[in-house]
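Beneath this line is the structure, given in structure tokens, with notes to follow.
The values are calculated or read from the model by the stated rules, or taken from the named source; none is laboratory data. Quick caveat, the model's predicted, so the values are computed rather than measured. A quick note on method: Cβ atoms are made from the backbone with ideal geometry, for glycine too, and the neighbour counts reach across all protein chains shown. Ligands, DNA and RNA are stripped out before the accessible areas are found, and what is left, the full protein with its side chains, is counted by its heavy atoms. Shrake-Rupley method; radii C 1.70, N 1.55, O 1.52, S 1.80 Å.
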Amino acid sequence: MLSFRDLFPSFLDTLTGHLVLAAYLLAVTDERAVWSRLKKLPPLLLSPLLVVLLAARLYMIPELGTSRYFINSLAVLILCTLWVRWAWRFSFWQALATTCMAGIFQVAGATLSFWSLNRGLPQYMLGIGLHLGVGIAATLLLYKLRFGTWFRLLLDSDVTPHRTALLLFALEAAMEVFLFLAKGILPQYLPIYYLLAAVMAVLIAALIVHLAQRFDDSRKMQAQQDVIAQQQLYEQDLETIRREVRAFRHDYKNLLAGLSQQAGDGEALRRTLSELDAGFDQRLGQKIQASTQIGNLRIPEVRSLLLSKLTAMREKGVSCRLEVLYPVTALEMDVWDFVRCLGILTDNAMEAALETDQPWVEILLLAQGGRVFLRVSNPYATAPAPERMWDEGWSTKGAGRGLGLSSYRHILENYPNASPFTSWENGVFVQELTVEGRS
């Protein structure tokens, strides 16, 4: 039976590892609202206690041998993944991938303090301090290098998240095996061992950045394809206007002949001219107006997304009204994050509108004084459930469909200058987003 004197060093070592892991979690998620995450730290500190109690229980089963170490490591991974999912409101696979990524850095740093175990209290405390110091220094370096930006890009991509999670789980498991092998390293080979641990961590980080860059390149290629679609949409509208003008010119003489017969009746003449003007304006004016509104979007990524959404709505029979009152030239948030938010809101609006008898979507963009205001409106057939609509996986169409609004909320958590607002009344659902400019 292990005594308190035996368990306390293990608890202190495990507690240190969890604190360092929490620091790495902030870095790999590119967390800016650090204090809001630190307020959720206390539940994570229960994990070291549970893991030490598990270790004491496993110690009583000698048949397990070296498997005890890996069982403990898996328990730590599971407990930390559950905490990350709660603290960041990630999906399970996102939480697992994030925990594994932070765990890789934490285990790499832990190799530096492994020599201090079972070497007396001074060496042991020195090893604990070294572990904490390396963790803080590496966390600051990751922040400076903006590693978290690339990792979040990969984490929030449309690629199936379980693949990223399983890849990082395999890499984290490899690092755990590497740490376990430290027990058999002779003192004269420790510098090489430390160097290999650092190199492995750097190579894994480089792999993640490479994968994120590939995804980013693919996204930019998609943006180029959207630009091509934009040109095609312009050409289609111009061709439609040309045909309408030719048709109007062709019928011009017939129209004049019909009007001449009504020349004696002034009221009938005015009514006919009014109808002709309204019909011509309805056929051409809307297309000209839409082209003018799109021209006010000076941010290519935003313009490309809206053009693709307008095309999709047209194909699905959804009437869309776009209004951009002033030129939109800049945003005080990452343009791709704004594009993702805009895409989520327009997709949800289109899907909800399709459930009604007369589907329509209205998009308003207003830029003034550095502030950008977005409003997306649509009719709805099923009344929203305010207490559940932000929950991950919830949707009016069934379980597992509603990921958009949850992701929308997570994106905006990183932007204190972005204020969302939701309302619904008289069968119209409205989502608003205000991005404040720099004061």
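Working from Cα pairs under 8 Å separated by at least six residues, relative contact order for segment 1-100 is 29 percent.
Placing dummy labels 7 Å off each Cα toward the beta-carbon, the span from residue 366 to residue 58 is 6.0 nm. On the principal axes of its alpha carbon atoms, segment 80-225 extends 62, 31, 26 Å, with the longest extent given first.
Taking label positions 7 Å along the Cα-Cβ direction at both residue 189 and residue 382, the computed distance is 6.1 nm, reported to one decimal. How many nm separate the modelled label positions at residue 141 and residue 325, each set 7 Å beyond the Cα in the direction of the Cβ? Here the answer is 5.1 nm between the modelled labels. Per-residue surface analysis assigns residue 162 an accessible area of about 70 Å², computed on protein heavy atoms at 1.4 Å probe radius.
Applying 0.36 nm per residue to the separation of residue 162 and residue 123 and subtracting their alpha-carbon distance, the gain on full extension is 10.0 nm. Per-residue surface analysis assigns residue 216 an accessible area of about 20 Å², computed on protein heavy atoms at 1.4 Å probe radius. Over segment 59-101, accessible surface divided per residue gives 49 Å², non-protein components excluded, 1.4 Å probe. Once the Cα-Cα distance is subtracted from the 0.36 nm per residue extended length, the residue 75 to residue 217 segment shows a gain of 47.4 nm. The convex hull drawn around the Cα atoms of segment 40-160, when projected onto a plane and averaged over every direction, covers 9.2 nm².
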